Structures are given as C-alpha cells and as structure tokens.
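K.L.:
What follows is a single structure, and I will ask about it in a moment.
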Amino acid sequence: MRKIPNAPEHLALIPDGNRRWAKKHGLRLQTVYLKGINKFIDFSKWSKEFGIKTITVWALSTENLSNRTALELKVLFYLYTKAAKDKKILQMLKDNGARLRVVGDLSTLPNKLKDALYTLERETARYQECTINMLINYGGKEDLMYSMAKLKSAGAKNINDKMVRENLRTASLPDVDLVLRTSGEQRVSGLLPWQAAYSELYFAKKYWPDFSRADLRRAIVSYAKRQRRFGK
C-alpha cells in the first residue's frame, strides 16, 4: 500500500474502549486486552505503510494505576510482560526497523515488567526507520509537575518554556501532529499537554478491538486535508 501524501509524522494513539467491548461481547478482560495488544501490532505496521514515522501509544495512565482493580492491573502487567518477551514481536520490530521507547514513571511497576520493557528497548535501540513510544504509568499533569519539581530541585530561576520541556519525562518526544482516540469519546484526557498543544484531533467511533486499517486510513486522510494554523 502506498504512503498517504501529507500523512502525520507523529501520531499519538489513545486505544480506548477495551472494557466496553469486553462487556458487549461477554468476554474476559484478559482475552480482550490480548486482542488489543495484537491490534496495536497491526496498527504499527499499517502506520509505517501509510508513512508515519513516530507512534506514541498510551498503554497505561497514572489514573488507570490508581483507579483500576488489582486484578485488572495484574492482567495488564502479565500481558505487557509476555508481549515484551515475545520473540515474534521482537522480530516484527526488527523487520519494520522500529525501535521501542518506554516513557513514564516505571518506579511503581512490577520488576518483571520493567526488566522486560527495558530489555526490549535496548534490543531495538539501533533501529531507525520508525519509533514506537510506549506511555506507561504516564499522566500529562504528572509530567508537568515532574518537570517543575526537577527545576525547583536544581534551583532554576527565570524558568522558560525551553527549560520546562527539557525536564519533562517526555522531553525526547517530538510534537504530535495527530491525536487519535477510539471508542467515540471526544477528549484527550491530559495526553502529552506540551507536545500536543497544536495537534489535530480525530475521534473514531469504534472501540479499539474493532479498529481497522481502513479506519486508520480515514483518520490520516482527514488529517491530510486540514490546514494547520499553529495560532496564526
């Protein structure tokens, strides 16, 4: 499939609707979350084919960590750990020249999960064709407070926007061109407030497990037709 002209270079994804899809189909969360992970593997392939260089996926928010049940989090941690250790996924990343970068406060996550993610990050570091940023235990407000705390600790004065950005957990992420959220919800929930300040937004009605290549193409074509103004 050909690349789409004027496709976004950086797409940020909120893969929403897994739990509602599970309830609708009478399935266990483990089954649906696994389907969601496999969907993202497909999504990353489609994105590269359409010309997207960077994908940032919100895998787990700080609010999720506080508000989800212990059982649900246990399932997510298990599946993420298993996926990070999966040799087929490593080979897929290699075949697509994709590196994985992990971003967020991993200090409170299980050691097995942290070790697996950091290992996959190291094993893909040399690939340069595209980048997949995984936001895990990430929240936009927390990210800004983290930057402020670092600057305060360093005794910084006359703080400017460059200093704030350089001290974010997400400092290495480029500005986002397109934010895509599934499930019909029309909000960004604090996703990358610094990098997404002038992002275009696209809200897909389908729950994440039902999202297709055709749906992604529609989102990118919609973006490509827009005139970005950046406050002008």
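K.L.:
Inside region 170-191, can you point out the residues that are in contact with a Pro (Cβ under 7 Å, 6 or more places away or on another chain) and not in a loop (DSSP other than H, G, I, E, B)?
P.N.:
LEU178
K.L.:
Here is a check on your reading of the model: is ASP16 surrounded by fewer than 16 Cβ atoms within 10 Å (Cβ to Cβ), touching a residue at least 60 places away in the same chain (Cβ under 8 Å) and either within 30 Å of VAL221 (Cβ to Cβ) or touching a Lys or Arg at 6+ places or on another chain (Cβ under 6 Å) (or both)?
P.N.:
Answer is no for this residue.
K.L.:
While we're here: Quick check on my filter: what residues within region 169-187 are within 7 Å of ALA204 (Cα to Cα) and of a type in the set (D, E, K, R)?
P.N.:
ARG181
K.L.:
Can you tell me which condition ARG19 does not meet? The list is (1) more than 26 Å from ASP95 (Cβ to Cβ); (2) touching a strand residue (DSSP E or B) at 6+ places or on another chain (Cβ under 9 Å); (3) among the charged types (D, E, K, R), and all the others hold.
P.N.:
Only one criterion is unmet by ARG19, namely (2).
K.L.:
If you take the residues in region 204-232 that are among the small types (Gly, Ala, Ser) and either part of a loop (DSSP other than H, G, I, E, B) or at positive phi (or both), which one is surrounded by the fewest Cβ atoms within 10 Å (Cβ to Cβ)?
P.N.:
Among residues in region 204-232 that are among the small types (Gly, Ala, Ser) and either part of a loop (DSSP other than H, G, I, E, B) or at positive phi (or both), the one surrounded by the fewest Cβ atoms within 10 Å (Cβ to Cβ) is GLY231.
K.L.:
Here's a check for you: in region 192-203, which residue that is in contact with a Phe, Trp or Tyr (Cβ under 7 Å, 6 or more places away or on another chain) and not in a loop (DSSP other than H, G, I, E, B) is farthest from SER147 (Cα to Cα)?
P.N.:
TYR202
K.L.:
All but one of (1) closer than 25 Å to GLU72 by Cβ; (2) in contact (Cβ under 8 Å) with a residue 24 or more places away in the chain hold for LYS114, so report the exception by its number.
P.N.:
Among (1) closer than 25 Å to GLU72 by Cβ; (2) in contact (Cβ under 8 Å) with a residue 24 or more places away in the chain, LYS114 violates only (2).
K.L.:
On to the next question. Can you name the residue in region 93-107 that is closer than 23 Å to MET145 by Cβ and assigned to a helix (DSSP H, G or I) and is also nearest to the chain's Cα centre (by Cα) among such residues?
P.N.:
LEU106
K.L.:
Further, regarding this structure: Where in region 23-85 are the helices (runs of 4 or more DSSP H), entirely inside, with at least 1 residues that are in contact (Cβ under 8 Å) with a residue 60 or more places away in the chain and surrounded by fewer than 20 Cβ atoms within 10 Å (Cβ to Cβ)?
P.N.:
29-50, 62-67
K.L.:
Just to check your reading of the model, which residue among LYS157, LYS150 is modelled with pLDDT under 95, more than 26 Å from ARG213 (Cβ to Cβ) and of a type in the set (Lys, Arg)?
P.N.:
Every option except LYS157 fails the conditions.
K.L.:
Hey, another quick one. Give me the residue from region 119-164 that is touching a helix residue (DSSP H, G or I) at 6+ places or on another chain (Cβ under 7 Å) and among the small types (Gly, Ala, Ser) and, out of that set, farthest from TRP46 (Cα to Cα).
P.N.:
Among them, the one singled out is ALA156.
K.L.:
Test LEU192 against the criterion of being on the phi > 0 side of the Ramachandran plot, among the aliphatic types (A, V, I, L, M) and modelled with pLDDT of 95 or more, and give yes or no.
P.N.:
Taking the combined requirement at face value, the residue satisfies it.
K.L.:
Can you confirm whether region 108-115 contains a residue that is within 15 Å of the chain's Cα centre (by Cα) and either surrounded by 14 or more Cβ atoms within 10 Å (Cβ to Cβ) or modelled with pLDDT of 95 or more (or both)?
P.N.:
So far as region 108-115 goes, no, none of its residues is within 15 Å of the chain's Cα centre (by Cα) and either surrounded by 14 or more Cβ atoms within 10 Å (Cβ to Cβ) or modelled with pLDDT of 95 or more (or both).
The values are calculated or read from the model by the stated rules, or taken from the named source; none is laboratory data. Nothing here was measured: the structure is a model prediction, and the numbers come from that model. Neighbour counts are summed over all protein chains in view; Cβ atoms, including those assigned to glycine, are modelled from backbone coordinates with ideal geometry.
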